[in-house]
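Colleague: Pasting in a structure now, in structure tokens, and then I'll have a few things to ask.
Read the figures in this text as sums done on the coordinates, not as results from a lab. Small disclaimer: the values here were computed from a predicted structure and weren't measured. Virtual Cβ from ideal backbone geometry, glycine too; neighbours counted across all protein chains shown.
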């Protein structure tokens, strides 16, 4: 697939408690794949993907950070100079929502003042069939936090791909045209650039 304009490189970091599905969201976005029993991330993983929004092409340079507490001190190394962040929680686990609040607060205090943050409630597939007894964090709670902290808000399912591309399209739509172009190089581990999937038939597509 060809892209209309030279891509703008955007550093994006994922933060959230372990097992909320951060890596699964990235895998779904980058390669349109899902692995039921994905191994936990150690430290951080680095992947790239392009996203076309109208006549703007963004090359997301994605740092998927580990959620285990022992890796929390490494997070500033990854969100430093990031233009965007996904703060992910599991809608069936209230503790993960509390952790999301912590990450939002930390980003506001320590990350770039212009960082675009999306609050993402993952694992919607567990509740979409009217199985509301599994839901522990309501849509209203997520929206309220997003409104209070000026965040984008989405509920997603990495398993079914529900709303996954919409998260990255939403972030890309907020990226100013005059934002600085930065190229991220992983300090540890290999760069992974997976092949693109067929584009959606719309003016906005992540593939």
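Colleague: Within the range 146-167, find all residues whose amide N lies under 14 Å from a label point positioned 7 Å from the Cα of residue 139 along Cα-to-beta-carbon.
Modeller: Residues 153-157, 163 qualify, since their backbone N sits under 14 Å from the label point.
Colleague: Whole Å is fine, so just give me how far the alpha carbon centre of the range 35-99 lies from that of the range 134-151.
Modeller: 19 Å
Colleague: Between residue 55 and residue 114, what length comes free when the chain is fully extended (0.36 nm per residue of separation minus the Cα-Cα distance, one decimal in nm)? Display every interim value, and only then the final one.
Modeller: On the way: separation 59, 0.36 × 59 = 21.24 nm, distance 2.26 nm.
Full-extension gain reported as 19.0 nm.
Colleague: Please list 138-144, 168-174, 13-19 highest first by mean number of surrounding beta-carbon atoms within 10 Å per residue. Don't skip to the end; give the middle numbers.
Modeller: Details: 138-144: 13.9, 168-174: 20.0, 13-19: 23.3.
Highest to lowest by the protection proxy: 13-19, 168-174, 138-144.
Colleague: How big is the equivalent ellipsoid of the range 8-190 along its three axes, where each semi-axis is √(5λ) from the Cα gyration tensor, reported in whole Å from largest to smallest? Intermediate values should be presented prior to the final figure.
Modeller: Numbers: eigenvalues 109, 62, 60 Å².
In descending order, the three semi-axes are 23, 18, 17 Å.
Colleague: Here is a further query. Consider a paramagnetic label point 7 Å from the Cα of residue 42 along Cα→Cβ; state which residues of the range 57-84 have an amide N under 15 Å from it.
Modeller: Only 66-68, 70-71 pass the distance filter.
Colleague: Apply 1/(1 + (r/R0)^6) to the Cβ-Cβ distance of residue 173 and residue 106, taking R0 = 25 Å, and write down the FRET efficiency to the nearest 0.05. Mind dumping the intermediate values first?
Modeller: On the way: r = 25 Å, r/R0 = 0.98.
Calculated transfer efficiency: 0.50.
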